[in-house]
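Heads up: the structure comes next, in structure tokens.
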Amino acid sequence: MQKVSVITMTYNDCENLKKCVKQILAQDYEAMEYIIVDGGSTDGTMEVILEAKEVLKERLIWVSEPDKGLYDALNKGIKMATGDIVGIMCDEFASPQVVSKMVKVIGETGCDGVHGNINYVDGDKIVRKWRMGQGSIRTGWMPGHPTLYLKREVYEKYGLYKIDYKIAADYEFMIRVLKDQKVKLAYIDEVLVHMFHGENSTSTGGVSNYIASLKEGHRALKENKVPFAFVTDLMRIARVVIQFIK
């Protein structure tokens with residue numbers, strides 16, 4: 001049975017961390033370790049971590065210390081991971097079977113990772129849907145990052161997230177890993193994650209965040225030597241617009 005490492009990054013957000021812990025406890029996959037990377041919170045997060053440790057015992061690995069932001073925290077979690085498959089969870093799994101389903105699909109297909117669909121939610125209301133299917137980075141396609149679970153050797157080969165990116169280090173990472181199509185992803189055409197929609201999210205924080213993301217995205221394409229980066233930018237915008245229209 002393949003071991004899965006699930007990482008949650010948090011900072012002064014203990015109420016959401018409680019929800020994340022419940023998500024882990026609800027999953028039906030047994031060979032799973034949970035990694036909490038806290039940025040040195042002062043709001044009761046430590047109490048939540050210690051309570052989770054009592055239940056999860058050796059399945060929980062955690063650290064609480066200052067970091068250099070979201071992607072630095074994510075890198076810490078990846079370095080701490082001992083699983084065969086690594087992913088993140090800072091929102092909600094769509095069902096208790098998500099992790100087991102991802103492991104099964106990776107095993108059946110022999111792919112290097114898996115991704116699926118996302119619903120952006122505000123309470124019980126779905127405000128946006130992410131349905132990208134399969135595709136190529138060069139045509140503006142990109143998997144939904146919260147659903148992207150990869151074999152640990154992918155990180156070992158391609159490296160971690162660049163912390164000098166403020167908002168699009170996830171996109172840069174996916175470009176770096178997927179641009180040559182040597183890393184194969186299986187696609188699960190189901191909603192795997194419910195992602196919280198709000199102005200504090202870099203993915204849903206309004207027009208200014210989206211413009212900043214596009215600028216860093218263009219930089220990522222150029223740095224990774226993707227030809228005709230501007231064309232890829234336009235196709236990426238078109239794909240996102242289509243998502244909104246749908």
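The values are calculated or read from the model by the stated rules, or taken from the named source; none is laboratory data. This is a predicted model, so every value here is computed, not measured. No Cβ is skipped: glycine too gets one built from the backbone with ideal geometry, and neighbour counts run over all protein chains shown. The protein model used for the area step is the full one, side chains on, heavy atoms only, and it has no ligands, DNA or RNA in it. Shrake-Rupley method; radii C 1.70, N 1.55, O 1.52, S 1.80 Å.
Observations, loosely collected:
- The chain, relative contact order in percent, only Cα pairs under 8 angstrom and at least six apart counted: 20 percent
- Compared with the dominant Cα axis of the chain, that is its longest principal axis, helix 98-109 is turned about 60°.
- Accessible surface area normalised per residue over the chain is 48 Å², counting heavy atoms of protein chains with a 1.4 Å rolling probe.
- Protein accessible area in the chain, 1.4 Å probe - carbon and sulfur %: 54 percent
- The angle between the Cα long axis of helix 207-223 and the longest principal axis of the Cα atoms of the chain comes to about 70 degrees, rounded to the nearest 10.
- Computed FRET value (nearest 0.05) for Ser64 with Lys22, which takes r as the C-beta separation and R₀ as 30 Å: 0.90
- In the chain, inverting the average of 1/r over every pair of distinct C-alpha atoms gives 18.4 Å as the Kirkwood radius.
- Between Gln2 and Glu223, full extension at 0.36 nm per residue minus the direct alpha carbon distance yields a gain of 76.1 nm.
- 0 to 90° range, to nearest 10: angle between helix 169-178 axis and the chain longest Cα axis: 70 degrees
- Residue-averaged [θ]222 nm for the chain, counting only DSSP H segments that reach four residues, each worth -39500 (n - 2.57): -12500 deg cm²/dmol
- Surface accessible to a 1.4 Å probe, Phe230 within the full protein complex, Å²: 130 Å²
- Positive-pole candidate from Pro227, Ile163, Ser213, dipole of segment 100-246, charges at beta carbon: Pro227
- For Ser95, the solvent-accessible surface with a 1.4 Å probe is about 40 Å², rounded to the nearest 10.
- Exposure check, 1.4 Å probe, all protein chains in place: His145 carries approximately 20 Å² of accessible surface.
- Relative packing of 187-193, 55-61, which averages over residues the other C-beta atoms within 10 Å, highest first: 187-193, 55-61
- Rounded to 5, percent antiparallel among DSSP beta bridges of the chain: 30 percent
- Mean separation of Cα contacts under 8 Å (6+ apart) over length of segment 93-157, as relative contact order %: 30 percent
- For the set Lys104/Lys184; Lys101/Lys215; Lys19/Lys182; Lys18/Lys179; Lys53/Lys76; Lys104/Lys222, the pairs lying more than 27 angstrom apart at their alpha carbons are Lys101/Lys215; Lys19/Lys182; Lys18/Lys179; Lys104/Lys222.
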